[in-house]
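Below: the structure, in C-alpha cells.
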Amino acid sequence: MHRHLILFIFLLLASCRPSPAPDTGSQSDHTSNADPADHAPDTVVQFLLSACVSDFNLQNQTTPIQFSTANLGYMTSPAGEKVYLLCGQFRSSIEGKWSDWIPFTTIKTADYEQWLGEQALHYCRDSTVVWVSDNDLSPVLKARLDSLPGRSHIPGTE
C-alpha cells in the first residue's frame with residue numbers, strides 16, 4: 001500500500017512540473033549536483049543494482065541486453081526522506097539486431113519499482129533529482145546480468 005501511495009505522490013508532483021526539455025537521446029549530461037558529503041548508502045546502491053538486473057533478467061531471460069548511461073540519484077519525498085533511483089538506458093538484441101535505446105528507472109520504495117520508456121523519463125528528468133555520482137553504472141549492470149545462471153549461453157552477451 002505504501003508503495004502505491006509513494007508512486008501516486010510522485011506522479012502527482014511530476015504532473016505539476018513544466019514539460020521536460022526535449023530528449024537529446026543521451027543521459028550522459030547528468031552531473032553530480034550533490035553536496036560532496038552527500039552519497040548513497042552502499043546497501044541502497046547494491047539493492048538498486050540487484051533489483052534492476054533481476055527485473056531485466058525475468059523479463060528477458062533469453063535476450064542479450066546492453067546498458068548505457070546508468071546513473072544514481074535521489075529525490076526528496078514530501079516527508080523529507082530520500083528516495084533513491086537508478087536511471088539509464090537499455091537495448092536488447094533480437095535475431096542479432098540491436099533495438100533502439102529505451103530509458104529505464106529503478107526506484108527504491110518499500111521494495112522497488114521499475115519503469116521503462118517514457119514513464120521512466122518523468123523521474124529521470126525531474127529537476128529535483130540530485131545525482132550523487134558521475135560514475136556510469138552500466139558496466140556493473142551488464143556484468144551482473146551476464147553473470148546470472150543460465151545467461152552465459154546467450155549469443156551476443158559479450
### Task
Need at least 2 residues that are of a type in the set (V, I, T) and modelled with pLDDT of 95 or more per element, so show me which strands (runs of 3 or more DSSP E) inside the range 59-142 make the cut, counting only ones lying wholly within it.
102-108
### Message
Just the residues that are out of contact with any Lys or Arg (no Cβ under 7 Å at 6 or more places or on another chain) and without any contact (Cβ under 8 Å) to a residue 12 or more places away in the chain, please, taken from the range 83-102.
### Response
E95, K97
#### Entry: Qualifying position, being buried (at least 17 other Cβ atoms within 10 Å of the Cβ), under 28 Å from D42 (Cβ atoms) and among the aliphatic types (A, V, I, L, M), among A143, A120, A110
A120
#### Entry: Criterion violated by G150 - all others in (1) part of a strand (DSSP E or B); (2) over 19 Å from V45 (Cα atoms) satisfied
(1)
### Query
So which residues in the range 45-58 are buried (at least 17 other Cβ atoms within 10 Å of the Cβ) and either in contact with a strand residue (DSSP E or B) (Cβ under 8 Å, 6 or more places away or on another chain) or not in a helix (DSSP H, G or I) (or both)?
V45, F47, L48, L49, A51, C52, F56
#### Entry: Tally of residues being of a type in the set (A, V, I, L, M, F, W, C) and exposed (fewer than 14 other Cβ atoms within 10 Å of the Cβ) across the range 59-107
3
### Task
For the range 93-136, name all the residues that are in contact with a strand residue (DSSP E or B) (Cβ under 7 Å, 6 or more places away or on another chain) and among the hydroxyl-bearing types (S, T, Y).
S99, T105, T106, Y112, Y123, T128, S133
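The values are calculated or read from the model by the stated rules, or taken from the named source; none is laboratory data. Keep in mind that this is a model prediction, so the values were computed, not measured. For neighbour counting, all protein chains shown are included, and Cβ atoms are generated from backbone atoms with ideal geometry for every residue, glycine included.
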